[in-house]
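Single-structure report; data block below.
The values are calculated or read from the model by the stated rules, or taken from the named source; none is laboratory data. Here the structure is a predicted model, which means the values were calculated and not measured. Cβ sites come from the backbone with ideal geometry, for glycine too, and all protein chains shown count toward neighbours.
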Amino acid sequence: LTWLHKPISFNRPQVDLQRNRDWSYLSSGQLSINTLDGRVKVNPICRGFNQYLDGTWKFGLAKLLKSSGKWYLHISATKEVADFNKQTVKHVVGLDRGLRFLATSYDEQGKTAFFEGQAIMRKRAKYQKLRATLQAKGTKSAKRRLKKLSGRENRWISDVNHCLSKTLVQKYGANTLF
């Protein structure tokens, strides 16, 4: 490896933390995290996650990681829920995820619905071709554009999947078993 100008390095620091040993959630709303220099108490930003802090959830292992210059703490959470009641189910719908068709649903009345996936495949191919072109070019502006594109396709696919699931839930209503 003497031909390397710059040695290979992985610059995504992360660590697994065990609850009550390496990290704990204090009653004051602070997080106490164990470090090599002793415990550090920080005020976390929990936008949209206040429902998990009401005391009914049990926290477990946490992963502290740095991404895009910011530190994140991913905490696993579990909650006991009531057993499933079969008597409340109004509809039973079978789903099949695929590539040609994004999803195919079949309900208890024998109705089948197909959700096309061709347009999504074409758009993904377009993103792939654009990435390949920019990577081959290798200029500073191409790298800037690649950085701007990073994650855009995944965000778009997540939105498409969310819209699909929302459509299915609105179509069949509450008390549906998918």
task: Could you tell me which residue of region 114-139 is farthest from residue 104 (Cα to Cα), considering only residues that are part of a helix (DSSP H, G or I) and in contact (Cβ under 8 Å) with a residue 24 or more places away in the chain?
output: 127
- request: Please verify whether region 144-156 includes one or more residues that are among the small types (Gly, Ala, Ser), exposed (fewer than 13 other Cβ atoms within 10 Å of the Cβ), outside any helix (DSSP H, G or I) and modelled with pLDDT of 90 or more.
  value: no
- request: Check off (1) more than 22 Å from the chain's Cα centre (by Cα); (2) closer than 30 Å to residue 25 by Cα for residue 70 and give me the number that stays unchecked.
  value: (1)
- line: Of 86, 70, 6, the only residue that is exposed (fewer than 11 other Cβ atoms within 10 Å of the Cβ) and either closer than 30 Å to residue 108 by Cβ or of a type in the set (Val, Ile, Thr) (or both) is 86
query: Restricting attention to region 79-87, does a residue exist that is of a type in the set (Val, Ile, Thr) and either more than 30 Å from residue 59 (Cβ to Cβ) or touching a strand residue (DSSP E or B) at 6+ places or on another chain (Cβ under 7 Å) (or both)?
result: no
field: Evaluation of residue 110 against (1) assigned to a loop (DSSP other than H, G, I, E, B); (2) of a type outside the set (Lys, Arg); (3) within 20 Å of the chain's Cα centre (by Cα) (one fails), failing number
entry: (3)
- request: Scan region 77-94 and give yes if some residue there is modelled with pLDDT under 90, farther than 30 Å from residue 168 by Cα and touching a Leu at 6+ places or on another chain (Cβ under 9 Å), otherwise no.
  value: no
task: For residues that are touching a residue at least 60 places away in the same chain (Cβ under 8 Å) and not charged (D, E, K, R), scanning just region 53-93, find the one that is nearest to residue 112 (Cα to Cα).
output: 93
task: Select from region 21-48 the residues that are surrounded by 10 or more Cβ atoms within 10 Å (Cβ to Cβ) and assigned to a loop (DSSP other than H, G, I, E, B) and write down the one among them that is nearest to the chain's Cα centre (by Cα).
output: 46
Qualifying residue in region 113-133 (condition: touching a helix residue (DSSP H, G or I) at 6+ places or on another chain (Cβ under 9 Å), on the phi > 0 side of the Ramachandran plot and loosely packed, with under 14 Cβ neighbours inside 10 Å): no
